[in-house]
1. Please give the per residue volume of the convex hull enclosing the alpha carbon atoms of segment 57-120, rounded to a whole number of Å³.
2. In nm, give the distance between the simple-model label positions of residue 38 and residue 115, each being 7 Å from the Cα along the Cα-to-Cβ direction.
């Protein structure tokens, strides 16, 4: 029960209606930041990832293990992935991926996410998101 958003077109099309950008146009830092903020706001679980990163796989596996849907934004598959990663660093202060967001908050990277899952805390964080959405 998980969702993967891994192509530039869906991510940028999702933002296109709000910002008038396309997948072929370079986005400004402000536009990239807005896309990231909107993606985080619209999804309970977001993993900013790269397809070749073992820690990104680790983070995704943690959510699969607890059968939780997530949105993965594969920066290495985005035409403007570098810009997106720079904007992500400006928001979080973290340069590396994965960056995992639950309920609008960065919970860390792959090891952090795996540890939360092993401690039984990851599902509780997701459930808080579901409670927030219900109110």
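1. On the way: hull volume 5.6 nm³, N = 64.
Hull volume over Cα atoms, normalised by residue count, gives 87 Å³.
2. Roughly 3.5 nm, to one decimal.
Readers should treat all values here as calculations from the given coordinates under stated rules, not as data from a laboratory. What you see is a predicted model, and the numbers here were worked out from it, not measured in a lab. Methodologically, a virtual Cβ is constructed for each residue, glycine included, from the backbone with ideal geometry; neighbour enumeration extends over all protein chains shown.
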